[in-house]
Each structure stands twice: as C-alpha cells, then as structure tokens.
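J.: For reference, the structure I am asking about is given below.
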Amino acid sequence: GGVTPEMVVSAHRACAVQGYLHNGDVHFLEALIRHPWRTEDEEVADLFVAPVCLGILKYVQEDNLKMGPVPNQPACAQRLTALNKQVMRAVMAGRPFNRRKRDHLFVALDFRLRPFNLMIADMEHAPIWAHFEAWRWFARNKGGGPLVGPYDDSLPAADRPEAGPDGRPLLSMRGSLRDWTPEDDGTRNVAIFWGGDARDHLHHGYWARRAVLEDAYAIAGNASSPARDSVFVMTKGPEHIRLPSCADYDLSRAKGVACSGTFSEPTLLRRAQFLLALRGDTTSTNRVYRAVEYGAVPILTSRAAFYAALPFQCFVPYRLFSVAVNHITLYYNPPKALGRIPETHPEAWRRRARGLMRHFARDLLWRAPGSRVAENLLLEAARYRAQHKSKRHINLSVPCGFPDDLIKDLKNKHQKALRDWAVKKT
C-alpha cells in the first residue's frame, strides 16, 4: 500500500510518550528495521512481520491518560487508526498473506479493538499474535495463541540516542540498567515493598491488594516477623483502609511503614530486597519488569502467571530468581504468606537471584543494552509455527510452561477459591 515499516515507526514515534507500558509494538519494529535477520525476499522469509503498531492506539484514544498528554491527541488517534487500517488492508491483500497466512506475526501488545474487529475476523484465525497476556481477547476469541511479550520498561535514554530514518531519536533508545549490582544486599534495608492503587473492586486481582493493605501493619511492623522492615504504600484505596499519610515519613530512609500517599519508585526499589508483584486488572503485571530493572527479587502471587503472563519461559528461568507464594494463602492470611520470605531466602540466595536477573535482563527489557526481546519474540513465533504445522496441541503461548491439562485444573481451582474468598469477605 505504499507504506514502509520506517514510515509506520516514524508516525507512531511522533505520537508516543516515553514510559507508556505498551510501547512494545514500536520497539519491536524499530529493532527489526536494521536487523540482520530481515529480508524482503518472500521466498526466503520464514516469518512475515506485519508493520502495524496497534498497541499505541489504546493510549492515544484513551480519555484518562496515566502518563501525561499526547501531543495533538485527537489528530494522533485519527491519523494512526487510518494508517494502521491502510497497512492491515495492504497486508491482507498481499500475495504472501494469501499464500502463507499462518506464517504472519502481528505484535499487538495492547490495543483498542473496535476499529479493527471486522478486519481481524476476516483473517480466519490464521496469523500468529503476540500480546502482553495469553488470557486476553485473542485467547478467548481467536484461538491462535497469543504469544506473550513484555511490557515496556522505564530505563533511561542513552546520552546520544541513535537517530531513526526520519532523523528523530528512536523511541527504544538503549540505556543502561539501573545502578545496582548482585552484591549490594547490604544497602537494601527494605524487606518487601509494594505500592499502588487498591480501589477497583470489580477485578478480583485487586482483592489481594486490599487484603495485603488491610494486614500491612501485621507484616511491616511486627517485631517478630522477618518481614518487619517492609514498606507498603496505598496510592488510592477504599475508605475503610485507613493508613497514615506518607507525608509523615521520609520514604527515602523509613522502613517498617504502611502509609497512604505517593512514593518514588526508583528510591524504594533500590532499597528493596523483594518486590511484591501483585496483579491488578489482569494476570500480568509490569512489576516483574520493574523488579529486573532495579534488582528487587519479584514475589509472584499468581500461579496463573506461569501459563498466561510470563514471556520467554524457554529462555528465562523465572523460578530461579523469583519467589512464588500461594495466592489462596495470600488472600486469606497475608502475614503468613509473606512474613517469612526474607528468612527463607537468605542473603546468598538473594545475591544469586540478582545475578541471574541482571544476566537475563536483555531477554526481558526492551531498552536494556543488547536487548534480545525482539529476537525472542521471533523465536517464539518460529516455535509456534513449527508446532502448529506438526499439529501438536500444547499451551503455545508459553511453550515451556504448564501442560494444558494442568492449566485447566489450576484455572478451575483458582476460580473456586476466589468465589469462596469473596463470600467470606462480604
């Protein structure tokens, strides 16, 4: 359709805001523009990457922006929607798509569906999709995956960012990991940290947040608990959870605190031994990637994460640098679930875990030096393609995760436990 991948990247970069969680679509195309694996010979190509950036659409069309205003937001939304529709039509009308539909990869880590429903329905479930979570719309309705890709990270831009084809700095400017080493355990005087919003009562993921905050004093201030030096911050929450104001504390130094207010993520994560990766609206959470950025060992609170939300499990050994807690125990008794984690994972274990996190940061962070996230998505797509052609029925979105029969069993138990917990709380 006369639109090149370079033009798509340039248009989206003009509307994107640094730090938006779903900029991964743009990062992916930027990484492939000059990639040595790229070829324009359709006979040689193993995979066809559709040059669309559907993830940014949710952001530029969103009324309640979390990351600040988009310049010329209405114009951006209209322009990018039209551009992506043009590209989608061109891809679907092209010879490669009609000959090899199942070899096409669409990376859409998050997007607003309505403008593209009919187009996607016409694809006959054939292409490979990549999304930030396997349980979202694609998995429920399209049956073709999806693969799982990471959220965007917040690494700082390099001092001299590489220029894109249009002369603008690339959005995925390669920075450096936050200033930490595996050996800095002595400077981390906060046992467990969590901060965030606990208002939403419609998503069951927020129930765990409320449960933790209701018992925050029992975790952070209990002298007999190894987790007594923890910090919990409620940015917004229900009225019945009454915590003192964070303005009463110096959170750059304080520990053993549960408060309500704002906080500096870099300050607290640099001091934290563990980051509680509580889910929110969805099974996935960007806190896993924040943990890798800052060297705070992630505490995973949902078994579902291993078959719905953690990307590249064939490459990244999450179980060696994370702690998994029983989500049912967490709902019913947060002090029991979290209280002894610092004691059962001593300093030597934490140093080893941080060493692994630093090593595998390239596989999880879009903007880490030498990032391999784009390559990992291509390899996962190639694995999906090979398994699909061999007609093997497995959990393709996380091919090294749980088998399908265990997934079904876990999902049923998870839903029953949530219903029981909700009845108890009400």
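J.: Counting only residues 5 or more places away or on other chains, whose amide H sits under 5 Å from the amide H of SER371 once H atoms are built in the peptide plane?
T.: Answer set, sorted by chain and number: none.
J.: Starting from the residue with the highest accessible area, list ARG352, ARG287 in decreasing order, probe 1.4 Å.
T.: ARG352, ARG287
J.: Turning to a different aspect of this structure: Using only Cα atoms, what is the ratio of the radius of gyration of the range 193-336 to 2.2 N^0.38 Å?
T.: So the Cα radius of gyration is 1.00 times the expected 2.2 N^0.38 Å.
J.: What do you get for Rg/Rh over the range 199-251 if you use C-alpha atoms and the Kirkwood form of Rh?
T.: 0.99
J.: Follow-up. Sorted by accessible area (1.4 Å probe), largest first, how do GLU265, GLU375 line up?
T.: Listed by decreasing accessible area, they come as GLU265, GLU375.
J.: Step through the residues of the range 335-348 one at a time and calculate ³J(HN,Hα) from phi using the Karplus curve (6.51 cos²θ - 1.76 cosθ + 1.60, θ = phi - 60°), rounding each to whole Hz and writing x for Gly and Pro.
T.: Per-residue couplings from phi come out as x, 5, 5, 10, x, 9, 4, x, 6, 7, 10, x, 4, 4 Hz.
J.: So with the 1.4 Å probe, I'd like the accessible area per residue for the range 212-321, rounded to whole Å².
T.: Counting only protein heavy atoms, the per-residue value for the range 212-321 is 36 Å².
J.: What part of the accessible area of the range 199-356, given as a whole %, is carbon or sulfur when the probe is 1.4 angstrom?
T.: In the range 199-356, the share of accessible area belonging to carbon and sulfur is 49 percent.
J.: Using amide H atoms built in the peptide plane, which far-off residues or other-chain residues are under 5 Å from ILE128 H to H?
T.: Under 5 Å from the amide H of ILE128 lie the amide H atoms of HIS104, LEU105, PHE106, each far enough along the sequence or on another chain.
J.: Going from most exposed to least, what order do TRP37, TRP366 have by accessible area with a 1.4 Å probe?
T.: Details: TRP37 140, TRP366 5 Å².
Listed by decreasing accessible area, they come as TRP37, TRP366.
J.: Amide H neighbours of ARG303 under 5 Å, at least 5 residues apart or on other chains, H built in the peptide plane: list them.
T.: HIS327
J.: When you take every Cα atom in the range 309-364, what is the radius of gyration, and what is Dmax, the widest Cα pair distance, in Å?
T.: So, for the range 309-364, Rg and Dmax equal 13.3, 37 Å respectively.
The values are calculated or read from the model by the stated rules, or taken from the named source; none is laboratory data. In this text the structure is predicted, and so the values were computed from the model without any measurement. Just so you know, the surface numbers come from the protein's heavy atoms only, side chains and all, with ligands and any DNA or RNA stripped out. Shrake-Rupley method; radii C 1.70, N 1.55, O 1.52, S 1.80 Å.
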